[in-house]
Amino acid sequence: AAVVFITQANLLLAQPSAGITESWTLLGTRSVDYLIDHDVIIFPETKDSFTAVKFVVKNGPLNMFKCTLHFRGGESKNIEFPDNVKANDVRVVDLKGSYMSIEKVTFWYDTKTKSDKKAILEVWGSM
């Protein structure tokens, strides 16, 4: 599975070409606390599988200690993040093969010492 890290500055370069439609569905949103927190977002069960997952950080930076995608077949995949994820950063994970039927995503993170604003983390799926 390929992982692409896109900052807000070059997000426009990553937009689909004219005539190509990319559809994203919001799967969940979490407000990141100042203490180390563990959250889970359960993905809806659908007939279709996700071809990509997008993580969007808003409002403030965060410390991402661990992020794991859990697949319906029992497999899991850790997603790499930089130590300090800045506000307005976007990470797109391209999914291949058996990594397409996602059950949930788990996070361990905080905003301690990074900002006086709590970060908001959004998870989007593309089919």
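With the highest mean first, a sort of the peptides 84-93, 66-75 on other beta-carbon atoms found within 10 angstrom per residue produces 84-93, 66-75. When the Cα convex hull of segment 44-127 is projected onto planes of every orientation, the mean area is 5.3 nm².
Values quoted throughout were computed directly from the atomic coordinates according to the rules given, and no laboratory measurement underlies them. Please read these numbers as outputs of a predicted model, since none were measured by experiment. Methodologically, a virtual Cβ is constructed for each residue, glycine included, from the backbone with ideal geometry; neighbour enumeration extends over all protein chains shown.
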